[in-house]
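Step one of this worksheet: look at the structure below.
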Amino acid sequence: KNPALPIKFVSSLIIIGLGFCFLSLAARYAGDSLTPSGYIVFAYAIFSLAELLVSPLGISMVGSLAPEGQEGLMMGFWQLCSGIGGVLSGYIAIAPHLSIHPKSLITSNADYSKVFFIVGGVGIVAGCLILPFVRKLKRLMREQVLEI
């Protein structure tokens with residue numbers, strides 16, 4: 001089966017959220033010791049799967065939904081948003097270390113667990129919020145193809 005682009009996009013958001021929730025549990029499980037590398041490798045596999053669903057398909061969906069003559073501008077905006085997401089992820093990565101009292105990396109697992117859980121929850125909620133609009137997006141994409 002080959003699901004529609006919006007379904008793949010929503011799936012990737014939910015998978016990314018689940019990956020962050022998995023990392024949150026792994027950091028919580030590790031406590032004050034190092035997180036086992038197997039958990040991190042598994043999380044990277046989850047993120048890679050989600051990235052394969054969102055990155056090339058997102059640009060394709062933007063191209064098919066953009067008004068005629070605006071495709072390049074909209075694809076550029078998609079790339080800009082991807083860049084902004086990369087910068088924001090850098091801020092999320094340092095968020096646990098912004099406290100007044102410095103902590104060692106090992107004792108910051110609880111802080112990372114909280115941040116990963118929040119980010120994972122936001123991803124899952126975002127995917128679930130987009131889910132009701134999948135039919136409308138599929139219809140819009142079909143109309144765009146019929147006009148060409």
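The values are calculated or read from the model by the stated rules, or taken from the named source; none is laboratory data. Everything numeric here is computed off the predicted structure, so don't read it as measured data. Here Cβ is always computed from backbone atoms with ideal geometry, including for glycine, and neighbour counts include all displayed protein chains. Keep in mind that these areas ignore ligands, DNA and RNA; they rest on the heavy atoms of the full protein, side chains included. Shrake-Rupley method; radii C 1.70, N 1.55, O 1.52, S 1.80 Å.
Would you check which residues across region 49-67 are part of a loop (DSSP other than H, G, I, E, B) and either surrounded by fewer than 16 Cβ atoms within 10 Å (Cβ to Cβ) or in contact with a strand residue (DSSP E or B) (Cβ under 9 Å, 6 or more places away or on another chain) (or both) and list them?
P67
Yes or no: region 73-87 includes at least one residue that is out of contact with any strand residue (DSSP E or B) (no Cβ under 7 Å at 6 or more places or on another chain) and part of a loop (DSSP other than H, G, I, E, B).
no
Taking region 23-48, which residues are assigned to a helix (DSSP H, G or I) and touching a helix residue (DSSP H, G or I) at 6+ places or on another chain (Cβ under 6 Å)?
L23, S24, A26, A27, R28, A30, Y39, A43, I46, F47 - these are the residues of region 23-48 that are assigned to a helix (DSSP H, G or I) and touching a helix residue (DSSP H, G or I) at 6+ places or on another chain (Cβ under 6 Å).
Among (1) polar (S, T, N, Q); (2) over 19 Å from V115 (Cβ atoms); (3) open to solvent by less than 60 Å² (accessible area, probe 1.4 Å); (4) modelled with pLDDT of 85 or more, which single condition is Q70 missing?
Condition not satisfied by Q70: (3).
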